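The values are calculated or read from the model by the stated rules, or taken from the named source; none is laboratory data. Bear in mind the structure is a predicted one, so any value in this text is a computation, not a measurement. Here the Cβ is made from the backbone with ideal geometry for all residues, glycine too, and neighbour counts use every protein chain on show. Side chains included, ligands, DNA and RNA excluded: accessible areas come from the protein's heavy atoms. Shrake-Rupley method; radii C 1.70, N 1.55, O 1.52, S 1.80 Å.
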Amino acid sequence: GFTGADLENLLNEAALLAGRRSESFITMKDLQESIIKVIAGPEKHSRVIPERERRLTAYHEAGHAVVMHALPDLDPVHQITIVPRGEAGGMTIYLPDEDRSYLSRSYMLDRIAGLLGGRIAEELIFHSITTGASNDIEQATKLARALVTRYGMTEDFDMVALETVNNAYLGGDASLACSEQTAAQVDAKVVEIVQAEHKKAYQMLADNKRKLDEIAQYLYEKETISGEEFMRILNAQPQLPAGPSADSTNQAQ
């Protein structure tokens, strides 16, 4: 999904890394490290993080990764890190196997669940929640709202556009184009979707708490792990279940 300018930036960063290592060529390792830098910014190793916060961040990112892996429509986990970059205390990076022109309803719902996985891991392990999931919550809510108002993916409103997008080429500012009564119904539907995905992701993590613990501990010790390391830990046990049962959903409630 990189633009030409992104690719140019990527290769410039990779060339700098190769130069620092006295390499004769840009290697795939240089490119992999540079991809993360272009996406998320440089690492902030100088930032002092309290140990409890590091452990919480490890569980937060492991929660994202476990839920993402358990949902077949989502892209593979590429890297997990608890090293701060930009404004983020940690990141779970996933990269697609192929370019996508269209997103399915199931992909969007699973993406919401994956975004909520970090906060849910905090809730499950620490029985407390923090402000660290603010960006995840914002993205999940935007996806749920777009699913309802822009893409016509709910039975309640069928294929009716309830949103107007202005300045689409500049990122787009969306505004509802419906009555106040309908807007209230949209809000209720958005909440319903997010709550349903919350319950789904919660049950996945509850069912796989041992794996969540293992990944979080490994991440806490190593700070950054690759998708291959992540899969190696997961493959030590039977495959993660794809979703909750009716009984387990009631228990999560």
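Going by average Cβ neighbours within 10 Å, how do the peptides 72-82, 110-120 rank, with the highest at the top? Display every interim value, and only then the final one.
Working: 72-82: 19.1, 110-120: 26.3.
Descending mean neighbour count gives 110-120, 72-82.
Between the stretch 191-228 and the stretch 1-63, the alpha-carbon centres lie 23 Å apart.
Normalising by the residue count of the chain, find the relative contact order in percent from Cα pairs under 8 Å and 6+ residues apart. Could the numbers behind the result be given before it?
Values: 332 pairs, mean separation 53.3, N = 253.
Computed value for the chain: 21 percent relative contact order.
Springs between Cα atoms under 10 Å define the GNM used for the chain, and in it the highest mean-square fluctuation of Ala144, Ala201, Ala161 occurs at Ala161.
What accessible area per residue, rounded to a whole number of Å², is obtained for the chain using a probe radius of 1.4 Å? Mind dumping the intermediate values first?
Values: 14400 Å² over 253 residues.
Result: 57 Å² per residue.
Per-residue ellipticity at 222 nm from helix content only, as computed over the chain with -39500 (n - 2.57) for each DSSP H run of at least four residues, stands at -19000 deg cm²/dmol. The charge dipole of the chain, taken about the Cα centre with unit charges on the Cβ atoms of Lys, Arg (+1) and Asp, Glu (-1), comes to about 560 debye, rounded to the nearest 20.
Hydrodynamic radius of the stretch 143-237 by the Kirkwood approach over all distinct alpha-carbon pairs: 16.6 Å.
Put one equal scatterer on each alpha carbon of the stretch 19-157, apply the Debye formula with no solvent term, and list log10 I(q)/I(0) at q = 0.18 1/Å to two decimals. At q = 0.18 Å⁻¹ the computed log10 ratios are -1.11.
Name the residue farthest towards the positive end of the dipole of the chain from the options Val194, Asn9, Leu103, assuming +1 on Cβ of Lys and Arg, -1 on Cβ of Asp and Glu, about the Cα centre. Final value for the positive-end residue is Asn9.
Say the cut-off is 30 Å between C-alpha atoms; which of Lys37/Lys200; Lys44/Lys211; Lys37/Lys142; Lys37/Lys222 go over it? In this structure, Lys37/Lys200 exceed 30 Å between Cα atoms. Expressed per residue, the C-alpha convex hull volume of the stretch 5-90 stands at 115 Å³. Computed from the alpha carbon positions, the gyration tensor of the stretch 78-237 leads to an equivalent ellipsoid with semi-axes of 33, 18, 15 Å, biggest first. Put simply, the amide H of Glu163, placed in the peptide plane, has neighbours under 5 Å in Ala177, leaving out anything fewer than 5 places away on its chain. In the context of the full protein assembly, Glu51 retains an accessible surface of approximately 100 Å², using a probe radius of 1.4 Å and ignoring ligands and nucleic acids. Annotation: amide H of His78 within the under-5 Å range of Ile93, Tyr94, Leu95, sequence separation 5 or more or interchain, hydrogens built in the peptide plane.
At 1.4 Å probe size, with the rest of the protein present, what percent of the exposed accessible area of the chain is carbon and sulfur atoms? It is 50 percent, rounded to a whole number.
A simple packing score, the average count of other Cβ atoms within 10 Å per residue, orders the peptides 60-71, 215-226, 31-42 as 60-71, 215-226, 31-42, with the highest score first.
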